[in-house]
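The values are calculated or read from the model by the stated rules, or taken from the named source; none is laboratory data. Keep in mind that this is a model prediction, so the values were computed, not measured. Cβ placement follows ideal geometry from the backbone for every residue including glycine, while neighbour counts extend to all protein chains displayed.
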């Protein structure tokens, strides 16, 4: 199935688990001041896929309004996530709840899950053991698992081997706004996961604070970026969503173009030969 948006871009679509997406930017739906602001930001981002935490207490606001009523289910593929789960058992249960909800809504994201199994509430770093356990269980259950993990290359390989449809290494801790703290780790992950399979999707997830962070992630060769707080908590979420959209396109095009090598000394843009010489007194 192909998901389309009104996005006009030079950046080619990409495919995850057999589904082609027009946009390489995946955005979250949490932390917004209100649902109308969220709607406008999602539209401005040009995203094809939006993530939703499917635990019931996160689907409704204090007015009893459902977040899903403010998402165009014909336009967006909803990616249920297991945010707030701290063990594999809870993550699997929440993933199945998300599938049940989206099957009833006939949304194509029903068999997808953004898997998060967190170690603790302070760092929100992933629990590697629980993450692997949940990945294997959900793959066995027919899910297409898009798996949040640390920037550890060894762990990234294990998650791919466990059957994940996409590995999603963190740029930095969730919601921290620190950007990509360890670009070399992301480079190694990309090299390892794409060896012999260039199309395998690697998406940088978490820690984005502003547009340049998205560009850096894409210039490293990531296939996409997933973010939430960087837009939702910006002073103007809609303008920031526009910025993130264009930053992703710029970073992808720059990666494909091939940057010039860095040099210690200057290199003149024009040749030194054939220049006009000035001789005093003439």
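Only a single item in (1) at pLDDT 95 or above; (2) in a helix (DSSP H, G or I); (3) closer than 26 Å to residue 67 by Cα is not met by residue 136, and it is number (3). Being touching a strand residue (DSSP E or B) at 6+ places or on another chain (Cβ under 9 Å), modelled with pLDDT of 95 or more, surrounded by 21 or more Cβ atoms within 10 Å (Cβ to Cβ) and part of a loop (DSSP other than H, G, I, E, B) is true of residue 47. Total residues in segment 232-272 satisfying the condition of being buried (at least 24 other Cβ atoms within 10 Å of the Cβ) and more than 26 Å from residue 187 (Cβ to Cβ): the figure is 1. Applying the criterion of being outside any strand (DSSP E or B), in contact with a helix residue (DSSP H, G or I) (Cβ under 8 Å, 6 or more places away or on another chain) and closer than 23 Å to residue 167 by Cα to the residues of segment 6-41, the residue that is modelled with the lowest pLDDT is 11.
Taking segment 86-114 as the range and being touching a residue at least 40 places away in the same chain (Cβ under 8 Å), within 17 Å of residue 228 (Cβ to Cβ) and in contact with a helix residue (DSSP H, G or I) (Cβ under 6 Å, 6 or more places away or on another chain) as the test, only 109 passes.
For segment 159-177, the set of residues classified as surrounded by fewer than 17 Cβ atoms within 10 Å (Cβ to Cβ) and modelled with pLDDT of 95 or more consists of 161, 163, listed by residue number.
For segment 187-204, the tally of residues that are farther than 14 Å from residue 154 by Cβ and surrounded by 15 or more Cβ atoms within 10 Å (Cβ to Cβ) stands at 7.
Being outside any loop (DSSP other than H, G, I, E, B) and within 22 Å of residue 99 (Cβ to Cβ) holds for only one residue in 142, 130, and it is 130.
For segment 88-124, a residue qualifies if it is surrounded by 15 or more Cβ atoms within 10 Å (Cβ to Cβ) and part of a loop (DSSP other than H, G, I, E, B), and the qualifying residues are 107, 116, 117, 119, 124.
Of all the criteria given as (1) farther than 22 Å from residue 83 by Cα; (2) surrounded by fewer than 21 Cβ atoms within 10 Å (Cβ to Cβ), the one not satisfied by residue 209 is (1). Every listed requirement among (1) over 19 Å from residue 114 (Cβ atoms); (2) at pLDDT 90 or above; (3) in contact with a strand residue (DSSP E or B) (Cβ under 6 Å, 6 or more places away or on another chain) is met by residue 66 save one, (2).
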